[in-house]
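K.L.:
My structure is below; once you've seen it, I'll send some questions.
The values are calculated or read from the model by the stated rules, or taken from the named source; none is laboratory data. What you see is a predicted model, and the numbers here were worked out from it, not measured in a lab. Positions of Cβ are backbone-derived with ideal geometry, glycine not excepted, and every protein chain shown enters the neighbour counts. Side chains included, ligands, DNA and RNA excluded: accessible areas come from the protein's heavy atoms. Shrake-Rupley method; radii C 1.70, N 1.55, O 1.52, S 1.80 Å.
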Amino acid sequence: MTANPAEEMATAYEPGAVEGRVYEAWEQSGAFRPNRPGADPFTIIQPPPNLTGELHVGHALTTAVEDALIRWHRMKGDDALWLPGVDHAAIAVNAIIERQLRDDGLSRHDIGREEFLKRVWEFVNASRSRIAEQHRRLGASADWEREAFTMDEERERAVRLTFKKLYDDGLIYRAERLINWDPVSQTAVSDIEVEYEDVESAFWHVRYPILDEDGNKTDRYVVIATTRPETIPADTAVAVNPEDDRYRDLVGRQVLVPTVDRPVTVIADEAVEIEGGSGALKVTPGHDPVDFEIGERHGLEIINILNLDGTLNENAGKYAGMDRDEARQRLVADLEDAGLLEKTEPYTHAVGHSERTGAVVEPLISLQWWVKIQPLADPAIDAVKDGRIKFVPERFERTYLHWMENIRDWCISRQIWWGHRIPVWYCDDCDHMTVGLTDPTFCESCEGSNIHQDEDTLDTWFSSGLWPHSTLGWPDLDAPDLKRFYPTQVMETGYDIIFFWVARMIMMSMYNMKDAVAQGIVDDDVPFKHVYMHGLVRAADGSKMSKSKGTAVDPLGAVDQYGSDALRFALLSGTSPGNDQRLSDERLEAGRNFANKLWNASRFALGMVEDGDDLALPDPAGMPVEDRWVLSRLNQVNQNVERLLGRFELAEALRQTRDFFWDEFADWYIEVAKVRVRAGDRSPLPVLVHVVDRSLRLLHPFMPFVTEEIWQRLAAIAPDPEGADALIVARFPEAQATLIDESAEASFEAVQEFVRAIRNIRVEKRVDAGRWVEAYVVGATAADTATALSPAIEQLARARPLHVVATPADAPTEGVVTSVLAVGQVALPMAGLFDLDAERERIGKQIAEAEGEVAGLEKKLANDQFTSRAPAEVVQRERDRLETTQSRLAGLRQSLAEIG
RNA sequence: GGGCGGUUAGCUCAGCUGGCUAGAGCGCAGCGUUGACAUCGCUGAGGUCACUGGUUCGAGUCCAGUACCGCCCACCA
């Protein structure tokens, strides 16, 4: 070694200065690829990043958590793979392109399918490379060479096979049913893509004239309350509860539907609630789910009054061509004119909006493809119930089970152009449907060639649901990755996506992987063993981050300003399973500050190494107490980190490591070691280098860039024993129980107390910070340690001359400020500064405190309920405490007596 | 209407299977450029752990209820 690389380090950690270079080095070294076949597999699959816009901070959290877990497992030697993936977020992408077209006054039909898809791909390909770049900046150690995309050919193959299997099993069917229609994107959406929001609207009470036997209007009418008067033209019955006395005589009679003057029958159905509205319900099977079911029970006609763009059609009579809002207003006005509006009340109720476009969704009857879900849901329910899949935190299992147990058939067809196209061809001659794994050229029934493919595409989540196995080579059951990595260990995602994605992945994967289990290729059909849920990242004030309100933290902006590691620190230190967290500048600053502390403490420690230093850690038995203390603490933290990471408690693991490094290693050990090194003692060097090395390893999963950068210098001084040339491929430390030394910890803690006590007196007595003061340390049981460490105590407390004595009698009593501790006493002669009254008061206060504590403890120990029932060790601890407090009290009283 | 979280220092949050003399970061007050770090160091102030009751030798921690705050699910027109 000629030059110490630490000496070239900048004096502060500069975010942005090293990340790019470090990342490139990792990539080139192949560190992101799994490389230990045969070891425990650990796989993480990446949830869909936002293809449509900026990187969201929630995604930065996902990335940070996943990356931490992957790096940890890789360092432990597991066969860990992170498969990055991009999902296609089809509806949103389609909407973006449609918006672009609309700005030019066009619709997709004007340019045709081919041109439309061309534009989509241009947009998507640009997004994909941007996403990859964003992930690099966040430090994601994904294996980009295996990147998969839900829209590529392999996925298409998997999607078609899944569709065909389900179809052949009778689990996919085509049917005309009530669906949720998004009039803006003009496609069906599934139930969970509808978000209900309270909207202030009105409750219109409308009079439906009652007809006599001959079909003539009587002067009686039945009042019906509705929030959607524009659907009145689609009414095909009026329903009342069979138990409702008010309307019993009306059942079976006819009433006239206002505005269209269509006679309909009054029917009795239990779905009608007597308390609701006026008690009588207009039945609109074409535009309401409840009414649809009533209609099915009573064989009612279904009338559709809506066009796909949300305007009314010819069935709406004179309202045809109007937009639904306009139709509502006109219709209400007409009712009023006709004297059929009894009253209008203000009313707030939940209205369904499309999750993607925000448009009010309209229930309407439409011919769509469906998945019969119950047969898929049943095994997926069992997998969670019998613990093959565990949710972290556990409470989300209930949410999942509740949803799964009430699940309804899944509408999978979408009337948008970009997506996996439904692999069904219709025969124009015989109407037969051919489901094709490859594009068929003739009808499989009549063999005619007049066939055409379904125009629709599949729900995004249909293909996303295949992710855990389709990315590993399925449907090829011999694919090596499938065998090696399925089932994966962890699905990491936000709790907002349980239904959309987690549930679908479980159902679809278990269905598809049954064969592989039967053939003994994989052990289990479940796609993953743990579902780890992180919370949402909220703005500093606790609100949902919103770009329009300016409360959104831009992750890449934060990376530029504070550094990638600082962002990760902020996100990871605030994350606890299932709970939301707030992200603020303060948190980011805390991350940056810690990165800087790591940098500087390491720089200093490494910078002390000189040519010829022996850096091998000697036998701990011969080490000074502070060395044994810091090694003991390090290994305890190491032990805790292992345990905590295994339980997904990343924030706590990070916190403990941080606290150790900063509060114990940097603030105490380095300070003490400094004194020895300056006195020419080289023995702290191995310990310094060792602790830095271990700390960097422990922190690498959380803060990969800064730790790698520092470790590179460290490795130049002290090469890795296993020959690793980068921290990312170095071994994660295992705690060494033999280095845990409780007596060393107790001894050093006593030293800390002495130092703090002297500092405290100095500050209280306003001694200038730079001035040296004479001090006595009454060591009691810790006298040996105090003697051994007296140079350090001198330096840390700025106390010189320092006298370490065994008993209070060996210290002066006149003009002395004393502090009585559990471990001994300190005494500072303060001739000029000594103030008798102040001293009396100070000691008096401490006596009162100690007396209170003694009294409490004595009472507790006098209670034989406590001494007999509490565990022996707890009782003993309390006895010890009483003893030390009593002796401290005695010391305090004596000090007071000496003052007089 | 059902379910789930939260309520701990001025702010943001830790406190695992009950033993706490209740912690951290930020903020606040005082002191400080002692050759790693002012993105820092030292010292300190600050809490009836939402409320009520219960179980227990012992409750921030378990149980029941109450009050707020938040989220999810649900076909009330």
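K.L.:
Restrict the check to the range A:706-715 and report whether at least one residue is closer than 18 Å to A:LEU69 by Cα, assigned to a helix (DSSP H, G or I), open to solvent by less than 50 Å² (accessible area, probe 1.4 Å) and out of contact with any helix residue (DSSP H, G or I) (no Cβ under 6 Å at 6 or more places or on another chain).
P.N.:
Looking only at the range A:706-715, we keep the residues that are closer than 18 Å to A:LEU69 by Cα, and these are A:706-708.
When the remaining residues are screened for being assigned to a helix (DSSP H, G or I), the result is A:706-708.
If we keep only those that are open to solvent by less than 50 Å² (accessible area, probe 1.4 Å) too, we end up with A:706-708.
Right, trim to out of contact with any helix residue (DSSP H, G or I) (no Cβ under 6 Å at 6 or more places or on another chain) and you get none.
No, that holds for no residue.
K.L.:
Further question on the same structure: When you scan the range A:530-640 for helices (runs of 4 or more DSSP H) that lie fully inside it, which ones turn up with 3 or more residues that are over 32 Å from the mean Cα position of the chain (by Cα)? It would help to see each step written out before you state the result.
P.N.:
On the way: elements: A:555-562, A:564-573, A:585-607.
Here the list reads A:585-607.
K.L.:
Further, regarding this structure: Consider A:ILE232 carefully, then state whether it is within 14 Å of RNA strand B (Cβ to nearest atom), aliphatic (A, V, I, L, M), without any contact (Cβ under 8 Å) to a residue 60 or more places away in the chain and not in a strand (DSSP E or B).
P.N.:
no
K.L.:
Residue by residue through the range A:782-803, note down the ones that are crowded, with 22+ Cβ neighbours inside 10 Å, more than 16 Å from RNA strand B (Cβ to nearest atom) and more than 17 Å from A:ARG759 (Cβ to Cβ).
P.N.:
Residue satisfying the conditions is A:THR785 alone.
K.L.:
Which residues, counting only those in the range A:620-652, are among the polar types (S, T, N, Q), within 16 Å of RNA strand B (Cβ to nearest atom) and either over 18 Å from A:ARG71 (Cα atoms) or in contact with a Lys or Arg (Cβ under 6 Å, 6 or more places away or on another chain) (or both)? Working first, answer last.
P.N.:
Residues of the range A:620-652 that are among the polar types (S, T, N, Q), as a first pass: A:632, A:635-636, A:638-640.
So of that shortlist, the ones also within 16 Å of RNA strand B (Cβ to nearest atom) come out as A:636, A:638-640.
Within the range A:620-652, A:GLN636 is the sole residue that qualifies.
K.L.:
Tell me which residues, restricted to the range A:856-875, are more than 45 Å from the chain's Cα centre (by Cα), within 7 Å of RNA strand B (Cβ to nearest atom) and either open to solvent by less than 80 Å² (accessible area, probe 1.4 Å) or modelled with pLDDT of 90 or more (or both).
P.N.:
A:ASN863
K.L.:
Sticking with this one: Restricting to the range A:385-417, name every residue that is open to solvent by less than 60 Å² (accessible area, probe 1.4 Å) and among the basic types (Lys, Arg).
P.N.:
Residues of the range A:385-417 open to solvent by less than 60 Å² (accessible area, probe 1.4 Å): A:387, A:389, A:391-393, A:396-397, A:399-401, A:403-404, A:407, A:409-417.
Within the range A:385-417, A:ARG414 is the sole residue that qualifies.
K.L.:
Among the listed residues A:ARG628, A:ARG658, A:ARG603, A:ARG633, identify the single one that is within 28 Å of A:LEU567 (Cα to Cα), crowded, with 16+ Cβ neighbours inside 10 Å and touching an Asp or Glu at 6+ places or on another chain (Cβ under 6 Å).
P.N.:
A:ARG633
K.L.:
Somewhere in the range A:544-558, is a residue within 13 Å of RNA strand B (Cβ to nearest atom), out of contact with any Gly (no Cβ under 6 Å at 6 or more places or on another chain) and of a type in the set (Lys, Arg)?
P.N.:
Yes, that holds for at least one residue.
K.L.:
Anything in the range A:488-529 that is open to solvent by 10 Å² or more (accessible area, probe 1.4 Å), in a loop (DSSP other than H, G, I, E, B) and not hydrophobic (A, V, I, L, M, F, W, C)? List them, or say none.
P.N.:
Within the range A:488-529, A:GLN519, A:GLY520, A:ASP523, A:ASP524, A:ASP525 qualify.
K.L.:
To continue, here is another question. Within the set of pairs 6 or more residues apart or between chains, which connect a residue that is farther than 18 Å from A:TRP662 by Cβ and within 6 Å of RNA strand B (Cβ to nearest atom) inside the range A:570-597 to a residue that is open to solvent by less than 70 Å² (accessible area, probe 1.4 Å) and in a helix (DSSP H, G or I) with Cβ atoms less than 7 Å apart?
P.N.:
A:SER576/A:ALA651
K.L.:
Something else about it: Mind listing whichever residues of the range A:766-781 are open to solvent by less than 10 Å² (accessible area, probe 1.4 Å) and either closer than 17 Å to A:ALA744 by Cβ or small (Gly, Ala, Ser) (or both)?
P.N.:
Matches in the range A:766-781: A:ALA775, A:GLY779.
K.L.:
Restricting to the range A:274-299, give me the number of residues that are closer than 21 Å to A:ILE365 by Cα, of a type in the set (Asp, Glu) and near RNA strand B (Cβ under 10 Å from one of its atoms).
P.N.:
Looking only at the range A:274-299, we keep the residues that are closer than 21 Å to A:ILE365 by Cα, and these are A:281-299.
In the following step, the residues that additionally are of a type in the set (Asp, Glu) were identified as A:288, A:291, A:293, A:296.
From what is left, the residues that are near RNA strand B (Cβ under 10 Å from one of its atoms) are A:288, A:291, A:293.
Here the count works out to 3.
K.L.:
Step by step: first the residues of the range A:254-273, then only those that are within 11 Å of RNA strand B (Cβ to nearest atom) and over 17 Å from A:THR227 (Cα atoms), then the one that is most open to solvent (accessible area, probe 1.4 Å). Which residue is that?
P.N.:
Taking the range A:254-273 first, the residues within 11 Å of RNA strand B (Cβ to nearest atom) are A:269-273.
Then drop every residue that is not over 17 Å from A:THR227 (Cα atoms), which leaves A:269-271.
On the way: A:ASP269: 10, A:GLU270: 146, A:ALA271: 44 Å².
Once the filter is applied, the top-ranked residue is A:GLU270.
K.L.:
If you go through the range A:101-136, how many residues are open to solvent by 70 Å² or more (accessible area, probe 1.4 Å) and within 27 Å of A:LEU472 (Cβ to Cβ)?
P.N.:
Number of matching residues: 5.
K.L.:
May I ask you to list pairs of residues, at least six apart or on different chains, whose Cβ atoms are under 8 Å apart, with the first in the range A:173-196 being part of a strand (DSSP E or B) and the second being more than 11 Å from RNA strand B (Cβ to nearest atom) and of a type in the set (Lys, Arg)?
P.N.:
From the range A:173-196, the pairs are A:TYR173/A:LYS372; A:ASP182/A:ARG356; A:THR187/A:ARG414; A:ALA188/A:ARG414; A:VAL189/A:ARG356; A:VAL189/A:ARG414.
K.L.:
So which residues in the range A:57-83 are more than 17 Å from A:GLU642 (Cβ to Cβ) and assigned to a helix (DSSP H, G or I)?
P.N.:
Quick first cut of the range A:57-83, residues more than 17 Å from A:GLU642 (Cβ to Cβ) only: A:57-67, A:79, A:81-83.
A:VAL57, A:GLY58, A:HIS59, A:ALA60, A:LEU61, A:THR62, A:THR63, A:ALA64, A:VAL65, A:GLU66, A:ASP67 - these are the residues of the range A:57-83 that are more than 17 Å from A:GLU642 (Cβ to Cβ) and assigned to a helix (DSSP H, G or I).
K.L.:
List the number of the failed condition for A:GLU230; all other conditions in (1) open to solvent by less than 30 Å² (accessible area, probe 1.4 Å); (2) modelled with pLDDT under 90; (3) of a type in the set (D, E, K, R) hold.
P.N.:
(2)
K.L.:
Here's another thing I want to ask about it. Could you tell me which numbered condition A:SER747 fails, if it satisfies all but one of (1) surrounded by 22 or more Cβ atoms within 10 Å (Cβ to Cβ); (2) within 16 Å of RNA strand B (Cβ to nearest atom); (3) in a helix (DSSP H, G or I)?
P.N.:
(2)
K.L.:
For the range A:836-855, give me each residue that is open to solvent by less than 30 Å² (accessible area, probe 1.4 Å) and closer than 19 Å to A:GLU878 by Cα.
P.N.:
If the condition is that a residue be open to solvent by less than 30 Å² (accessible area, probe 1.4 Å) and closer than 19 Å to A:GLU878 by Cα, then A:ALA850, A:VAL854 are the ones that fit.
K.L.:
Going through A:LEU308, A:LEU300 one at a time, which residue ends up being assigned to a loop (DSSP other than H, G, I, E, B), surrounded by fewer than 18 Cβ atoms within 10 Å (Cβ to Cβ) and at pLDDT 90 or above?
P.N.:
On the way: A:LEU300 fails: surrounded by fewer than 18 Cβ atoms within 10 Å (Cβ to Cβ).
From the options A:LEU308, A:LEU300, the qualifying one is A:LEU308.
K.L.:
A further question on this structure: Between a first residue in the range A:238-253 that is open to solvent by 70 Å² or more (accessible area, probe 1.4 Å) and a second residue that is within 15 Å of RNA strand B (Cβ to nearest atom) and basic (Lys, Arg), which pairs have beta carbons less than 9 Å apart while being 6 or more apart in sequence or on different chains?
P.N.:
Correct list of pairs: empty, since none qualify.
K.L.:
If you don't mind, there's one more thing I want to ask. May I ask you to list pairs of residues, at least six apart or on different chains, whose Cβ atoms are under 6 Å apart, with the first in the range A:365-386 being of a type in the set (Lys, Arg) and the second being open to solvent by 10 Å² or more (accessible area, probe 1.4 Å) and at pLDDT below 95?
P.N.:
A:LYS372/A:ASP409
K.L.:
Could you tell me which residue of the range A:473-487 is farthest from the chain's Cα centre (by Cα), considering only residues that are under 22 Å from A:LYS390 (Cα atoms) and part of a loop (DSSP other than H, G, I, E, B)?
P.N.:
Here is the first cut: in the range A:473-487, the residues under 22 Å from A:LYS390 (Cα atoms) are A:482-487.
Okay, now just the ones that are also part of a loop (DSSP other than H, G, I, E, B), so A:486-487.
Details: A:TYR486: 23, A:PRO487: 21 Å.
Here the answer is A:TYR486.
K.L.:
May I ask you to list the residues in the range A:1-32 that are closer than 30 Å to A:ASP614 by Cβ, within 10 Å of RNA strand B (Cβ to nearest atom) and over 30 Å from the mean Cα position of the chain (by Cα)?
P.N.:
Scanning the range A:1-32 gives A:ALA6, A:MET9, A:ALA10, A:THR11.
K.L.:
Still on this structure, I have one more. If you take the residues of the range A:36-57 that are among the hydrophobic types (A, V, I, L, M, F, W, C) and more than 18 Å from A:GLY419 (Cα to Cα), which of them is modelled with the highest pLDDT?
P.N.:
Taking the range A:36-57 and keeping what is among the hydrophobic types (A, V, I, L, M, F, W, C), we get A:39, A:42, A:44-45, A:51, A:55, A:57.
Retained after the next criterion (residues that are more than 18 Å from A:GLY419 (Cα to Cα)): A:39, A:42, A:44-45, A:55, A:57.
Working: A:ALA39: 78, A:PHE42: 83, A:ILE44: 75, A:ILE45: 68, A:LEU55: 80, A:VAL57: 87.
If we take residues in the range A:36-57 being among the hydrophobic types (A, V, I, L, M, F, W, C) and more than 18 Å from A:GLY419 (Cα to Cα), then A:VAL57 is modelled with the highest pLDDT.
K.L.:
When only residues in the range A:137-156 that are open to solvent by 30 Å² or more (accessible area, probe 1.4 Å) and part of a helix (DSSP H, G or I) count, which is nearest to A:LEU437 (Cα to Cα)?
P.N.:
A:GLU156
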